[in-house]
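Working notes for the structure below.
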Amino acid sequence: MGLINPARRLASFRVQFEKSLVNARMLYELLDTPPRQADVPNAKKPKINKGEIQFDHVNFSYLSGEPVLQDVSFVAKAGQSTALVGPSGGGKSTIIYLLLRFHDLEDGHIRIDGQDISQTKIKSLRQKISYVSQNPVLFEGTVADNIRFGRPGASQEEIEAAAKLAQAHDFILEMHNGYETEVGELGSNLSGGQRQRLSIARAILRNAPILLLDEATSALDNDSEQLVQAALDGLMKNRTTLVIAHRLSTIQNADTIIVIDKGRIAETGDHSTLMNSDDSTYAKLHNIGSRSATRKRPPAKKIQPHHLLLD
């Protein structure tokens, strides 16, 4: 009789051990997968000071015969904000992905400060870029750890300074353990606005010369949006910024607005120029957005881990 319980525990251990082996095998298969984009021979670290971005006759397709971007050329001037707007599916996010070198071009060139990014080291290139997405990814660990992910080795003082600029310091101090509070998987115990402000604090701490914002406020309620927008305004200062926005009210002060429609550049200018242009696509989109904004927006839903699918 005394052997029954140990035998049961041993059988249970075997089951758990087999599950762990399967998980470990899947993990190492993922880690051993070669990246789709590799550094070219003799690739160099990019020397990025000003951060001017140039797209030169860029063409790209995810599937053969189905072009996503066609002959796209523009310049995002150093230290200024450039907004990418247009109907869904026009290719705005693809521009961000190509700049991060998630994919290689079919034709054309992308240059930063005159350097073709296809000839640079991918890791070094991405270290010069901060990215804030619509659905920020947080990891299990403390608030401080998640902010420090932007620049490993940062001091506690630097983390708190970044949080203050991101309008996050006050709500962090209200948490039961402050900066040492566990955020849970994907930040499941935080609101959408809190997760977004931690993501912005991470980008501030990174202190990269180029900033990419992909629908950074579209999923927030009005109160959270105001706080996040204030944080973004501070983050964008003196940085070359590419902004993707469906809510056009958030990019009216952009230095340059580029309208992307069906993979091509339809219009370029600032807000006043495009609004006063006859038969302007931007003006039509802006008027539609203004009518939608007058309707009451429901509060943003709290995103649970199982609602997210990470690529």
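Bear in mind that the values in this text are calculations on the coordinates, not laboratory data. If you're wondering where the values come from, they're calculated on a predicted model, not measured in any experiment. FYI the Cβ positions are ideal-geometry reconstructions off the backbone, even for glycines, and counts take in every protein chain you see.
Of the residues Ala201, Ala166, Ala24, which exhibits the maximal mean-square fluctuation in a Gaussian network model of the chain defined by a 10 Å Cα contact cut-off? In the Gaussian network model the winner is Ala24. Could you give the angle, 0 to 90 degrees to the nearest 10, between helix 156-165's Cα long axis and the longest principal axis of the Cα atoms of the chain? In the chain, helix 156-165 runs at an angle near 40 degrees to the longest axis.
Less than 10 Å Cβ to Cβ from Phe149, Lys/Arg counted +1 and Asp/Glu -1: what total charge do the surrounding residues give? If you can, show how the numbers build up before the last one.
Working: positive: Arg148, Arg151, Arg202, Arg206; negative: Asp145.
That sum, taken over residues with Cβ under 10 Å, equals +3.
Close amide H pairs (under 5 Å, H built 1.01 Å from N) link Ala266 with Val259, Ile260, Asp261, residues at least 5 positions away or on another chain. Helix 222-236 axis versus longest C-alpha principal axis of the chain: approximately 70°, rounded to the nearest ten.
If a/c stays under 1.5 just call it rounded; otherwise compare a/b with b/c (prolate if a/b is bigger, oblate if not). Do that for the stretch 68-139, with a ≥ b ≥ c from the square roots of the Cα gyration tensor eigenvalues.
Here the stretch 68-139 falls in the rounded category.
Between Ala266 and Val22, take the C-beta separation as r, use R0 = 45 Å, and let me know the FRET efficiency to the nearest 0.05.
Calculated transfer efficiency: 0.35.
Once the Cβ-Cβ distance of Glu140 and Lys50 is raised to the sixth power relative to R0 = 25 Å, the FRET efficiency obtained is 0.10. Other residues with beta-carbon under 13 Å from the beta-carbon of Leu105 carry, at +1 per Lys or Arg and -1 per Asp or Glu, a net charge of -4. Highest mobility in the GNM of the chain, judged by mean-square fluctuation with C-alpha springs under 10 Å and restricted to His286, His57, His176, is found for His176. Tell me which residues come under 5 Å, amide H to amide H, from Tyr131 once H is placed; ignore anything under 5 positions away on its chain. Close amide H contacts, sequence-distant or interchain: Leu212.
Which of Leu205, Leu274, Leu84 moves the most in a Gaussian network model of the chain with Cα springs under 10 Å? Greatest mean-square fluctuation among the candidates belongs to Leu274. Which option, [x] 38; [y] 58; [z] 48, is the value of percent of Cα pairs over 28 Å apart that was calculated from these coordinates? Of the labelled values, this structure produces [z]. Distance between the modelled labels on Val40 and Asp223, one decimal in nanometres: 5.2 nm (7 Å Cα→Cβ projection).
Report, to two decimal places, the Cα Rg of the stretch 86-178 normalised by 2.2 N^0.38 Å (N = number of residues). Numbers along the way, then the final one.
Details: Rg = 17.4 Å, N = 93, 2.2 N^0.38 = 12.3 Å.
That ratio works out to 1.41.
Taking the Cα centre of the chain as the origin, how large is its charge dipole in debye, to the nearest 20, when only Lys and Arg (+1) and Asp and Glu (-1) carry charge on their Cβ atoms? Before the final figure, lay out each step's value.
Values: 37 positive and 36 negative charges, 128 e Å.
Computed about the Cα centre, the dipole is about 620 debye.
Couplings for the stretch 198-204, taken from phi via the Karplus curve 6.51 cos²θ - 1.76 cosθ + 1.60 with θ = phi - 60°, read 5, 5, 5, 4, 4, 5, 5 Hz in order; Gly and Pro are left as x. Per residue, the convex hull around the alpha carbon atoms of the stretch 163-282 comes to 126 Å³. Here each label is just a point 7 Å from Cα along the line to Cβ, and for Arg247 and Val15 those points are 4.8 nm apart.
Assign unit charges at the C-beta atoms only (+1 for Lys and Arg, -1 for Asp and Glu), then state the dipole size of the stretch 160-281 relative to its Cα centre in Debye, rounded to the nearest 20. Write out the running numbers ahead of the final one.
Details: 10 positive and 18 negative charges, 80 e Å.
That gives the stretch 160-281 a dipole magnitude of about 380 debye.
Neighbours of Gly79 by Cβ distance under 14 Å: Lys/Arg scored +1, Asp/Glu scored -1, total +1.
Comparing Leu10, Ala166, Ala76 along the charge dipole axis of the chain, the residue lying farthest to the positive side is Leu10, per the Cβ-charge model. Checked against a 27 Å cut-off, the cross-linked pairs Lys77/Lys262; Lys44/Lys262; Lys19/Lys121; Lys123/Lys262; Lys237/Lys262 give Cα-Cα distances beyond that limit for Lys44/Lys262; Lys19/Lys121; Lys123/Lys262; Lys237/Lys262.
Rounded to the nearest 5, what % of the DSSP beta bridges within the chain are antiparallel ones?
Numbers: 20 of 38 bridges.
Taking every DSSP beta bridge with both residues in the chain, the antiparallel ones total about 55 percent.
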